[in-house]
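**Student:** I'd like to ask some things about the structure below.
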Amino acid sequence: MLRETIGEIGPLNACAMKLAKERQAKLAKPPGSLGKLEDISVRLAGITGSVHNRIEKKRIIVLCADNGVTKEGVSSAPASVTLSQAVNMTRGKTGMSCLAAEFGDEVQVVDVGIAAAYRDDHILNCRIREGTENIRVKPAMLREEVLRAVLVGIELAGQAKREGCGVVGVGEMGIGNTTTSSAVLSVLTGRPVEEVTGRGGGLTDSALQKKCLVIREAVRLHMPDPADVIDVLTKVGGLDLAAMCGVFLGCARERIPVVIDGLISVTAALCAARLSPQSREFFFASHVSAEPGYRAACGQLRLEPPLFLDMRLGEGSGCPLMFEVLRAACTVMNDMATFEEAAINDSYLDGIRECSAEQDR
């Protein structure tokens, strides 16, 4: 199914994007004066095939899983927090979920690898296994388990499409997942571990050094193949990362715009883009995470996040904010008057337009 999904990811609709650019040129404003909102509206047209879009139903899919590497003391929080916060998300009590509630967004909390036992019907049980292995000692999981997690994400994207979602955000909950994300990023980008590893939820200098050491030793021990994303996830990744990768791929197949949150989310997006370079066109970065690996991943994806808020919470917390930016881009395209409708002679902009055309050549 993974191969079929990748094969079904098509290009953006060039005709719709051309028409969207033409409408932007007619709107009563100086050329390019709405900046990234214009770029977003054009890309949305390419995704949906329609110049005029409205985003009504918004969903944040949160993939939850535990990571065995927490046994190495690489996180400031105990592993039990994974389950606690997964439950709190369903109650609208975490940073991401209270923002989602404020903006009327759905939150779908999905267990793909929580280690602790629980009973909560508000968490969708798609558990592959009870957490991963400690990557300092063993590969995180089996290749088959990675593939199953990716397929869970693909199916969740398909469900979002069937249920009428106009945009999806990709979040996570899993103590220790900044460690696995940094390991995956180091392998995929070829950058030194120290360049892509940060303090996560908060670490002392000595704990950060330990975290980097653990990642280096895991990579040296397992030797993941940077040309094989599934191998990298198998050896030093996490179930949350694998399922999130699947959501990104599934949204691209379903032609749903999909929003990246922070470090873990952008790492999963990079995994998806390595499996299907074309899928990148459907991704929207949200905020600039304070984690150092985030910029490295965004650079590889050639995406520029528009929000500078010094956030590093994770969970999908950047998604509700970016959803509103996407909606704003749609509103401008749909409801702003053209020069003709506003009864304005726009000939005074001819010189600016000529200059812009020359710069674009």
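**Student:** Mind checking which residues of region 26-38 are touching a residue at least 12 places away in the same chain (Cβ under 8 Å), open to solvent by 30 Å² or more (accessible area, probe 1.4 Å) and on the phi < 0 side of the Ramachandran plot? Show your work before the answer.
**Tutor:** Step one: filter region 26-38 for residues touching a residue at least 12 places away in the same chain (Cβ under 8 Å), giving 26-32, 34, 36-38.
Narrowing further to those that are open to solvent by 30 Å² or more (accessible area, probe 1.4 Å): 26, 28, 30-32, 34, 36-37.
Lys26, Ala28, Pro30, Pro31, Leu34, Lys36, Leu37 - these are the residues of region 26-38 that are touching a residue at least 12 places away in the same chain (Cβ under 8 Å), open to solvent by 30 Å² or more (accessible area, probe 1.4 Å) and on the phi < 0 side of the Ramachandran plot.
**Student:** Among the numbered criteria (1) out of contact with any Gly (no Cβ under 6 Å at 6 or more places or on another chain); (2) farther than 19 Å from Arg143 by Cβ, which one does Asp261 miss?
**Tutor:** For Asp261, the failing item is (1).
**Student:** Please pick out the residue among Thr178, Thr204 that is more than 27 Å from Thr5 (Cβ to Cβ) and under 17 Å from the mean Cα position of the chain (by Cα).
**Tutor:** Numbers: Thr204 fails: under 17 Å from the mean Cα position of the chain (by Cα).
Result: Thr178 is the single residue among Thr178, Thr204 that is more than 27 Å from Thr5 (Cβ to Cβ) and under 17 Å from the mean Cα position of the chain (by Cα).
**Student:** What's the number of the only condition in (1) closer than 25 Å to Ser276 by Cβ; (2) assigned to a loop (DSSP other than H, G, I, E, B) that Gly198 fails to meet?
**Tutor:** (1)
**Student:** Ok, one more. Among the numbered criteria (1) surrounded by 23 or more Cβ atoms within 10 Å (Cβ to Cβ); (2) over 20 Å from Glu130 (Cα atoms); (3) touching a Leu at 6+ places or on another chain (Cβ under 6 Å), which one does Val112 miss?
**Tutor:** With respect to (1) surrounded by 23 or more Cβ atoms within 10 Å (Cβ to Cβ); (2) over 20 Å from Glu130 (Cα atoms); (3) touching a Leu at 6+ places or on another chain (Cβ under 6 Å), Val112 is out only on (2).
**Student:** Could you please find all residues in region 184-210 being in contact with a Ser or Thr (Cβ under 6 Å, 6 or more places away or on another chain) and closer than 28 Å to Ala227 by Cα?
**Tutor:** Of everything in region 184-210, those that are in contact with a Ser or Thr (Cβ under 6 Å, 6 or more places away or on another chain) and closer than 28 Å to Ala227 by Cα turn out to be Val184, Leu185, Val193, Val196, Thr197, Gly200.
**Student:** With the condition kept exactly as written, say whether any residue in region 47-65 is in contact with a helix residue (DSSP H, G or I) (Cβ under 8 Å, 6 or more places away or on another chain), charged (D, E, K, R) and surrounded by 20 or more Cβ atoms within 10 Å (Cβ to Cβ).
**Tutor:** Start the filter on region 47-65 by keeping residues that are in contact with a helix residue (DSSP H, G or I) (Cβ under 8 Å, 6 or more places away or on another chain), which leaves 47-55, 58-65.
The next check asks that each one be charged (D, E, K, R); those that pass are 54, 58-59.
Now narrow it down to the ones that are surrounded by 20 or more Cβ atoms within 10 Å (Cβ to Cβ): 58-59.
Yes, region 47-65 has at least one match.
Residue by residue, here is whether (1) more than 16 Å from Val168 (Cβ to Cβ); (2) surrounded by fewer than 24 Cβ atoms within 10 Å (Cβ to Cβ); (3) basic (Lys, Arg); (4) out of contact with any strand residue (DSSP E or B) (no Cβ under 7 Å at 6 or more places or on another chain) holds:
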{"position": "Ala243", "(1), (2), (3), (4)": "no, no, no, no"}
{"position": "Val247", "(1), (2), (3), (4)": "no, no, no, no"}
{"position": "Glu254", "(1), (2), (3), (4)": "no, yes, no, yes"}
{"position": "Val258", "(1), (2), (3), (4)": "no, no, no, no"}
{"position": "Thr267", "(1), (2), (3), (4)": "yes, no, no, yes"}
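**Student:** Of Glu72, Glu8, Glu38, Glu22, which residue is of a type in the set (D, E, K, R) and out of contact with any helix residue (DSSP H, G or I) (no Cβ under 9 Å at 6 or more places or on another chain)? Outline the logic, then answer.
**Tutor:** Numbers: Glu72 fails: out of contact with any helix residue (DSSP H, G or I) (no Cβ under 9 Å at 6 or more places or on another chain); Glu8 fails: out of contact with any helix residue (DSSP H, G or I) (no Cβ under 9 Å at 6 or more places or on another chain); Glu38 fails: out of contact with any helix residue (DSSP H, G or I) (no Cβ under 9 Å at 6 or more places or on another chain).
The match here is Glu22.
**Student:** Still on this structure: Which of the residues spanning region 188-222 are surrounded by fewer than 17 Cβ atoms within 10 Å (Cβ to Cβ), over 27 Å from Gly246 (Cα atoms) and touching a residue at least 24 places away in the same chain (Cβ under 8 Å)?
**Tutor:** Gly202, Ala207, Lys210, Glu217
**Student:** When you go through Leu147, Leu185 one by one, which is the residue that is surrounded by fewer than 24 Cβ atoms within 10 Å (Cβ to Cβ) and outside any loop (DSSP other than H, G, I, E, B)? Don't jump to the end; show me each part of the working.
**Tutor:** On the way: Leu185 fails: surrounded by fewer than 24 Cβ atoms within 10 Å (Cβ to Cβ).
Leu147 is the lone residue from the list that is surrounded by fewer than 24 Cβ atoms within 10 Å (Cβ to Cβ) and outside any loop (DSSP other than H, G, I, E, B).
**Student:** While we're looking at this one, here's another question. So Glu172 ticks every box in (1) within 25 Å of Glu254 (Cβ to Cβ); (2) touching a residue at least 60 places away in the same chain (Cβ under 8 Å); (3) open to solvent by 20 Å² or more (accessible area, probe 1.4 Å); (4) charged (D, E, K, R) but one. Which box is left unticked?
**Tutor:** Looking at each condition in turn, Glu172 falls short on (3).
**Student:** Please determine, by comparing only the residues of region 189-218 that are of a type in the set (A, V, I, L, M, F, W, C) and touching a helix residue (DSSP H, G or I) at 6+ places or on another chain (Cβ under 6 Å), which one is nearest to Val288 (Cα to Cα).
**Tutor:** Of all residues in region 189-218, those of a type in the set (A, V, I, L, M, F, W, C) come to 193, 196, 203, 207-208, 212-215, 218.
Imposing the further condition that a residue be touching a helix residue (DSSP H, G or I) at 6+ places or on another chain (Cβ under 6 Å) reduces the set to 193, 196, 212, 214-215, 218.
Numbers: Val193: 20, Val196: 14, Cys212: 22, Val214: 26, Ile215: 23, Ala218: 28 Å.
Restricting to residues being of a type in the set (A, V, I, L, M, F, W, C) and touching a helix residue (DSSP H, G or I) at 6+ places or on another chain (Cβ under 6 Å), the top hit is Val196.
**Student:** In this structure, does Ala328 turn out to be among the small types (Gly, Ala, Ser) and surrounded by 20 or more Cβ atoms within 10 Å (Cβ to Cβ)? If you could, list the steps in order and put the result at the bottom.
**Tutor:** Numbers: among the small types (Gly, Ala, Ser): yes; surrounded by 20 or more Cβ atoms within 10 Å (Cβ to Cβ): no.
No, not satisfied.
**Student:** If you don't mind, there's one more thing I want to ask. Ala86 fails exactly one of the following numbered conditions: (1) out of contact with any helix residue (DSSP H, G or I) (no Cβ under 7 Å at 6 or more places or on another chain); (2) in contact (Cβ under 8 Å) with a residue 40 or more places away in the chain; (3) over 16 Å from Glu315 (Cα atoms). What is the number of that condition?
**Tutor:** (3)
**Student:** Given the criterion at pLDDT below 95 and not hydroxyl-bearing (Ser, Thr, Tyr), identify the matching residue among Gly171, Gly190, Gly176, Gly200.
**Tutor:** On the way: Gly171 fails: at pLDDT below 95; Gly190 fails: at pLDDT below 95; Gly176 fails: at pLDDT below 95.
The match here is Gly200.
**Student:** As an exercise: evaluate Asp121 against (1) open to solvent by 10 Å² or more (accessible area, probe 1.4 Å); (2) in contact with a strand residue (DSSP E or B) (Cβ under 8 Å, 6 or more places away or on another chain); (3) farther than 28 Å from Glu72 by Cβ and give the number of the one condition it does not meet.
**Tutor:** (2)
The values are calculated or read from the model by the stated rules, or taken from the named source; none is laboratory data. All values derive from a computational prediction rather than experimental measurement. Counting neighbours? That spans all protein chains shown, and the Cβs are built from the backbone with ideal geometry, glycine included. Heavy atoms of the whole protein, side chains included, go into the accessibility calculation; ligands, DNA and RNA do not. Shrake-Rupley method; radii C 1.70, N 1.55, O 1.52, S 1.80 Å.
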